[in-house]
Amino acid sequence: MKSETERLATRIRPEDKQLIEKAAALSGVSVSAFVKMRLREAALEVIEQENVIQLNAQESVRFAEALLAPPRELPAAFKDGWERYKEQVEER
C-alpha cells in the first residue's frame, strides 16, 4: 500500500472546526480521516458534474431528433477544407 506523503493545510474558523470534529465523531472516524474522505468525495463530485451533460426534457427530445434525423449534405466549403486538411496531414 502506498504511504500518504502529500500534505494539505488550511485555516478554518473555530466553529467550522468544531462542526467537522462533531461530524467525524458521529461517523466514528478521526478528523483527519473524515476530512480526507469528504474532500475526496467532493472532488469526485465536481469532476463528475463537469463530465456529465444533463439535458431537460425539451433538450433531450431535440438531441434525440438530431440523432435520428437523416444526415444533411455538407457544405462545399467544409468538403474543400476537409480535402485540404487530409492533403496536409498526409504530407507530414
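Worth pointing out:
- Check on residue 89, of a type in the set (Val, Ile, Thr) and modelled with pLDDT under 90: yes
- Set 8, 26: member being at pLDDT 95 or above and out of contact with any helix residue (DSSP H, G or I) (no Cβ under 6 Å at 6 or more places or on another chain): 26
- The lone criterion from (1) in a loop (DSSP other than H, G, I, E, B); (2) surrounded by 11 or more Cβ atoms within 10 Å (Cβ to Cβ) left unmet by residue 3 is number (2).
- Qualifying residue in segment 64-83 (condition: surrounded by 10 or more Cβ atoms within 10 Å (Cβ to Cβ), part of a helix (DSSP H, G or I), within 24 Å of the chain's Cα centre (by Cα) and without any contact (Cβ under 8 Å) to a residue 12 or more places away in the chain): yes
- Matching residues, segment 33-63, being modelled with pLDDT of 95 or more, of a type in the set (S, T, N, Q) and in a helix (DSSP H, G or I): 58, 60
- Within segment 25-61, the set of residues being surrounded by 10 or more Cβ atoms within 10 Å (Cβ to Cβ) and over 24 Å from residue 4 (Cβ atoms) comprises 55, 59, 60, 61.
The values are calculated or read from the model by the stated rules, or taken from the named source; none is laboratory data. Computed from a predicted model, the values in this text were never measured in an experiment. Here the Cβ is made from the backbone with ideal geometry for all residues, glycine too, and neighbour counts use every protein chain on show.
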